[in-house]
Amino acid sequence: MKKLLFALLCATFALAGWAQKPDRGDVVATIHKVNRHWQKTHPEHGRAFWDNAAYHTGNMEAFKLTGDTAYYNYSEAWADHNQWKGAKSDNKADWKYSYGESDDFVLFGDYQICFQTYVDLYKEKPEDYKIARAREVMEYEMATDTTDYWWWADGLYMVMPVMTKLYTVTQNPLYLDKLHEYWTVSNGIMYDMGTGLYYRDGKYVYPKHKSVNGHKDFWARGDGWVLAAFAKVLADLPKDDKHRQTYIDYYQRMARAVADAQQPEGYWTRSMLDPEHAPGPETSGTAFFTYGLLWGMNNGLLDPAEYEPVVLRAWEYLTNTALQPDGTVGYVQPIGEKAIPGQVVDAKSTSNFGTGAFLLAACELARYLD
């Protein structure tokens, strides 16, 4: 009779959209399954551009959580392969920060996210060469009068944590001053006061750009980058930083807006407030949101009573739909900058950055279950 009652209660909760807490050991096993599969199937190291580097931010979290030295070695080998640089030009007169993938785009954030991993590797085994290029680039950048380096939402994840990570190893307050200066400019370009969300960049600001149903169009992965950036920055920001409460206020408001946009199945659609614009599940945005919300719960900034159901529904989606039997993470929207009507995103849609986002979420969930 008790077993029957328990089964009925579980069924009732499932129908009501509740999800049960997973076992921590199962979560860690999933981390190993996903990461070992990725590294086994990707033995060659690519360039230090944003997509590869985003994977390594997740890989380093997996290392920190599990202590598996194979993960550390994989990121170290990638850093060696790239000479501990992003874009490789040494001629400062040619350095650019608009969009570009050649080696003279040293000041473009997509070539700076790699510095996050280099700092993490340095902290494990401090050797100056690991962060020499990161310091050279960022300290050159901070010496210029330019302030609009982060003109697209992705750039906040790519570079904001670089600033706080380098502060932790240099104690140079300029990193924190410029962090706030650049972020303030970014807010003026992309932040929507009405919703608490970020447009991907200035091209997508409403009403200049609208979703298929005439709504504001917020791209899930773009906002996922931002929420995750707030979490990473707050993790390293000094408790007495004069702007800390401002970041917390924006982070908490954004978290509420993100939670409100979740679909009943646990995922977020690519256009967050117009599910009909590009229907169906998407993993990269969902995983970054899951990480960002869990970090807030783990660090006393978000109420578990309010957000735990959100992240558990998301984890149900991530493990029961996105995760494939062989350890591949599917349903990742390909590289792009917006939700595209009609674009196919399915179980075979996988990527390095989507896998990294999955690892971030899984590691933070394991910490929550501690």
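The values are calculated or read from the model by the stated rules, or taken from the named source; none is laboratory data. Predicted model only: the values in this text are computed from it and were never measured. FYI the Cβ positions are ideal-geometry reconstructions off the backbone, even for glycines, and counts take in every protein chain you see.
Results, tabulated for the structure shown:
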item	result
Qualifying residues in the range 129-184 (those that are under 29 Å from residue 196 (Cβ atoms) and among the polar types (S, T, N, Q)) - the one surrounded by the fewest Cβ atoms within 10 Å (Cβ to Cβ)	146
Residue in the range 229-258 that is surrounded by the fewest Cβ atoms within 10 Å (Cβ to Cβ), counting only those that are within 24 Å of residue 61 (Cα to Cα) and small (Gly, Ala, Ser)	235
Which numbered condition residue 145 fails, given (1) touching a residue at least 24 places away in the same chain (Cβ under 8 Å); (2) of a type outside the set (A, V, I, L, M, F, W, C); (3) part of a loop (DSSP other than H, G, I, E, B); (4) farther than 29 Å from residue 220 by Cβ	(1)
Boolean, residue 338 is more than 20 Å from residue 53 (Cα to Cα) and surrounded by 16 or more Cβ atoms within 10 Å (Cβ to Cβ)	yes
Residues that are of a type in the set (Phe, Trp, Tyr) and assigned to a loop (DSSP other than H, G, I, E, B), drawn from the range 316-333	331
Verdict on residue 280 being surrounded by fewer than 18 Cβ atoms within 10 Å (Cβ to Cβ) and touching a Ser or Thr at 6+ places or on another chain (Cβ under 8 Å)	yes
Lone unmet requirement of (1) without any contact (Cβ under 8 Å) to a residue 12 or more places away in the chain; (2) in contact with a Phe, Trp or Tyr (Cβ under 8 Å, 6 or more places away or on another chain); (3) closer than 16 Å to residue 48 by Cβ for residue 162	(1)
Single residue of 204, 199 found to be touching a residue at least 60 places away in the same chain (Cβ under 8 Å), among the hydroxyl-bearing types (Ser, Thr, Tyr), buried (at least 16 other Cβ atoms within 10 Å of the Cβ) and farther than 21 Å from residue 363 by Cβ	204
All positions within the range 214-227 that are within 23 Å of residue 283 (Cα to Cα) and surrounded by fewer than 20 Cβ atoms within 10 Å (Cβ to Cβ)	215
Selection within the range 3-34 - of a type outside the set (Gly, Ala, Ser), in a helix (DSSP H, G or I) and either modelled with pLDDT under 95 or within 26 Å of residue 133 (Cβ to Cβ) (or both)	3, 4, 5, 6, 8, 9, 10, 12, 13, 15
Enumeration of residues in the range 47-79 that are under 21 Å from residue 112 (Cα atoms), surrounded by fewer than 16 Cβ atoms within 10 Å (Cβ to Cβ) and either of a type in the set (Asp, Glu) or touching a residue at least 24 places away in the same chain (Cβ under 8 Å) (or both)	77
